[in-house]
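The values are calculated or read from the model by the stated rules, or taken from the named source; none is laboratory data. Every value quoted in this text rests on a predicted model; they were computed, and no experiment measured them. Ideal geometry is used to build each Cβ from the backbone, glycine not excepted, and the neighbour counts take in all protein chains shown. Note: accessible area is taken over every heavy atom of the protein model, side chains too, but ligands, DNA and RNA are not part of it. Shrake-Rupley method; radii C 1.70, N 1.55, O 1.52, S 1.80 Å.
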Amino acid sequence: MAIELLNGSLKLEIFYDKRHREYEDNVCLCLKETGPDEEKVLANETNLYIKPEDARRLAQLLLDAADQSSHATR
């Protein structure tokens, strides 16, 4: 799965990396940044590997923040 952020200049892909199945941290957060080098915060591609339980916690934190945002705008 992927999502485009910052008007499409940052793409976030999240996936289980089969090549890392022997490691505890095998869920990949892959950040791909496009645009001029002087505007980039990250390298062209940055991979962060997290454990499945951390991925679940991240998902819950995102849902909680989205819920709070939705309630705040009502």
Set of aspartates and glutamates near Lys40 by C-alpha distance (under 17 Å), chain-local residues within fewer than 8 positions excluded: Glu4
Given (i) 12.1; (ii) 14.0; (iii) 14.6, the label whose value is Kirkwood radius over Cα pairs in Å derived from this model: (ii)
Rounded accessible area of Asp25 (nearest 10 Å², 1.4 Å probe): 60 Å²
Mean ellipticity per residue at 222 nm, deg cm²/dmol - from DSSP H runs of n ≥ 4 across the chain, formula -39500 (n - 2.57): -10000 deg cm²/dmol
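Of Leu6, Leu63, which has the most accessible area with a 1.4 Å probe, and how do the rest follow in descending order? Write down the numbers at each step before the final one.
Values: Leu6 120, Leu63 100 Å².
In descending accessible area the options line up as Leu6, Leu63.
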Low-density loop positions, chymotrypsin sites (Phe, Trp or Tyr not before Pro), region 13-74 - DSSP coil, at most 10 other Cβ in 10 Å: Tyr23
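May I ask you to give the solvent-accessible area per residue for the chain, in square angstrom, as obtained with a 1.4 angstrom probe?
Working: 5950 Å² over 74 residues.
Per residue, the chain has an accessible area of 80 Å².
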Table column - 3J(HN,Hα) (Hz), region 13-20, Karplus curve with 6.51, -1.76, 1.60, x for Gly and Pro: 10, 10, 7, 7, 9, 4, 5, 10
Relative contact order of the chain, defined on C-alpha pairs under 8 angstrom at six or more residues apart (%): 22 percent
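Report the trypsin sites (Lys or Arg not before Pro) located in region 2-49 that are in a DSSP loop and have at most 14 other Cβ atoms inside 10 Å of their Cβ, or state none. Don't skip to the end; give the middle numbers.
On the way: sites: Lys11, Lys18, Arg19, Arg21, Lys32, Lys40; in loops: Arg21, Lys40.
Sparse-neighbourhood loop trypsin sites (Lys or Arg not before Pro): Arg21, Lys40.
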Accessible-area order (highest first, 1.4 angstrom probe) of the listed residues Ser9, Ser69: Ser69, Ser9
With every protein chain in place, the chain: carbon and sulfur % of accessible area (1.4 Å): 54 percent
Sparsely packed GluC sites (Glu not before Pro) within region 29-74, loop by DSSP, other Cβ within 10 Å at most 15: none
